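First comes the structure, then the notes that go with it.
The values are calculated or read from the model by the stated rules, or taken from the named source; none is laboratory data. Small disclaimer: the values here were computed from a predicted structure and weren't measured. With ideal geometry, Cβ positions are generated from the backbone for all residues, glycine too; neighbour counts draw on all protein chains shown.
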Amino acid sequence: MKLNTVENLVRPVFPFTAIIGQEEMKLALILNVIDPSIGGVMIMGDRGTGKSTTIRAIADLLPEIEVVADDPFNSHPYNTDLMSEEVKESFNSQITLSQKKIKVPMVDLPLGATEDRLCGTIDIEKALKNGIKTFEPGLLAKANRGILYVDEVNLLDDHLVDLLLDAAASGWNTVEREGISIRHPARFVLVGSGNPEEGELRPQLLDRFGMHAEIRTVKDPDLRVKIVEERSAFDQNPLDYVESYRSTQDNLKERILAAQNILSDVHIDYDLKIKISEVCSQLDVDGLRGDIVTNRAAKALAAYKNEDSVTIEHIETVITLCLRHRLRKDPLESMNSGDKVDKVFQKVFQ
């Protein structure tokens, strides 16, 4: 008789490799997982197009990570850049730290979340009475070395979006109250999703997301029927359905791991860097984030394809994802921002 453990009571997640279509969104998520320094992804699209399903599926696909046991920040056992201050002190003092493996954290930020819930709180009373820094970790601590997912990010308070993006860019979260300061690592892949009908993000916030994927409802009736059938098969028998995708899931896991391992060796020619910057310049993209992210995404794609140098095809695949949300809005412009990026790319690279 099989015992009911927490693991087998939790409902299985729909397999990432079973998701039909939405290739742009899937590629953006995979590249951010390979190189989190790309800066996350904003996914905008119609309701009911599988945004949440896909994001949860990518988290379930990732290999387990090593953490220090009983540490609220998922500190790395031997990489000091990914340790909390307390763990780093123990590590430097050569104290043996117990380790364990956990699934990559997948943290949902609810719409009604407060700043304290997001960043954590300091117990001032204990600090003043006993001289002890007592910190109640927030969602940024739980998301360290994982994925932080914000559904309906365009409805989230701008102040919270600012905090999120600052933590994602710096990799650290700092909480200060009454002269007491606590700092902990907050390295995560930030994924936002939303429906454009419910309002856009401010341009300066949108620009802080590394990539921007647009998804649309599938129009082809045959494909729609296939999606419905796949979902029905999963709902009827989730365990058997997940098992049937085991080998394809494992293959993708191995590809992602291999890409992470060779990423630092991937080379991009100076001429290609110049052309990427020329595209950004001709599109009148503010700042240099577009240049940086396009370079990083192209290298991550080359690593994903197990190639050691970036080609024009790699750049063509990622450049729209990296630049479309950085263009200035012109109310008289009839061309889609993605098409505009592609048009300038063809002109510069051909």
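Just to check your reading of the model, which residue among 187, 145, 202 is in contact with a helix residue (DSSP H, G or I) (Cβ under 9 Å, 6 or more places away or on another chain) and more than 21 Å from residue 108 (Cβ to Cβ)?
Details: 187 fails: more than 21 Å from residue 108 (Cβ to Cβ); 145 fails: more than 21 Å from residue 108 (Cβ to Cβ).
Step by step, each of 187, 145, 202 is checked, and only 202 is in contact with a helix residue (DSSP H, G or I) (Cβ under 9 Å, 6 or more places away or on another chain) and more than 21 Å from residue 108 (Cβ to Cβ).
Taking the stretch 53-101 as the region of interest, how many residues are free of Cβ contacts under 8 Å to residues at least 40 places away in the same chain and part of a helix (DSSP H, G or I)?
Residues meeting the conditions: 10.
Within the stretch 315-334, does at least one residue satisfy the condition of being of a type in the set (S, T, N, Q) and more than 21 Å from the chain's Cα centre (by Cα)?
Of all residues in the stretch 315-334, those of a type in the set (S, T, N, Q) come to 317, 320, 334.
With the extra rule that they be more than 21 Å from the chain's Cα centre (by Cα), the set shrinks to 334.
Within the stretch 315-334, one or more residues are of a type in the set (S, T, N, Q) and more than 21 Å from the chain's Cα centre (by Cα).
With respect to the numbered conditions (1) under 26 Å from the mean Cα position of the chain (by Cα); (2) free of Cβ contacts under 8 Å to residues at least 60 places away in the same chain, which one is the sole condition not fulfilled by residue 229?
Here residue 229 meets the rest and fails (1).
Look through the stretch 239-295, keep the residues that are among the basic types (Lys, Arg) and free of Cβ contacts under 8 Å to residues at least 40 places away in the same chain, and return whichever of them is farthest from residue 349 (Cα to Cα). First the steps, then the outcome.
The first filter runs over the stretch 239-295 and keeps only residues among the basic types (Lys, Arg), leaving 246, 253, 255, 273, 275, 289.
From what is left, the residues that are free of Cβ contacts under 8 Å to residues at least 40 places away in the same chain are 246, 273.
Numbers: 246: 40, 273: 11 Å.
So the residue we want is 246.
From the residues in the stretch 306-320 that are hydrophobic (A, V, I, L, M, F, W, C) and not in a loop (DSSP other than H, G, I, E, B), which one is farthest from residue 210 (Cα to Cα)?
Within the stretch 306-320, the first condition is being hydrophobic (A, V, I, L, M, F, W, C), and the residues that meet it are 310, 312, 315, 318-319.
Okay, now just the ones that are also not in a loop (DSSP other than H, G, I, E, B), so 312, 315, 318-319.
Numbers: 312: 20, 315: 15, 318: 11, 319: 11 Å.
The qualifying residue farthest from residue 210 (Cα to Cα) is 312.
With respect to residue 169, is the statement that it is of a type in the set (Gly, Ala, Ser) and out of contact with any helix residue (DSSP H, G or I) (no Cβ under 9 Å at 6 or more places or on another chain) true? Walk me through it before giving the result.
Numbers: of a type in the set (Gly, Ala, Ser): yes; out of contact with any helix residue (DSSP H, G or I) (no Cβ under 9 Å at 6 or more places or on another chain): yes.
So residue 169 fits the description; yes.
Output the residue which, of all residues in the stretch 278-294 that are of a type in the set (A, V, I, L, M, F, W, C) and part of a loop (DSSP other than H, G, I, E, B), is surrounded by the fewest Cβ atoms within 10 Å (Cβ to Cβ). Steps first, please.
Taking the stretch 278-294 first, the residues of a type in the set (A, V, I, L, M, F, W, C) are 279-280, 283, 285, 288, 292-293.
From the residues that got through so far, the ones that are part of a loop (DSSP other than H, G, I, E, B) too are 283, 285, 288.
Details: 283: 21, 285: 21, 288: 10.
Checking each candidate, the answer is 288.
For the stretch 185-248, give me every one of the helices (runs of 4 or more DSSP H) that falls completely inside it and has 3 or more residues that are modelled with pLDDT under 90 and not assigned by TED's automatic domain parsing to the domain that holds residue 59.
Values: elements: 203-206, 221-236, 238-244.
Here the list reads 221-236.
Checking the structure you have, find out if any residue of the stretch 305-316 is within 19 Å of residue 337 (Cα to Cα), surrounded by fewer than 21 Cβ atoms within 10 Å (Cβ to Cβ) and not basic (Lys, Arg). Steps first, answer last, please.
Here is the first cut: in the stretch 305-316, the ones within 19 Å of residue 337 (Cα to Cα) are 315-316.
Within this subset, residues satisfying the condition of being surrounded by fewer than 21 Cβ atoms within 10 Å (Cβ to Cβ) are 316.
Subset that is not basic (Lys, Arg): 316.
Yes, there is a match, as at least one residue in the stretch 305-316 is within 19 Å of residue 337 (Cα to Cα), surrounded by fewer than 21 Cβ atoms within 10 Å (Cβ to Cβ) and not basic (Lys, Arg).
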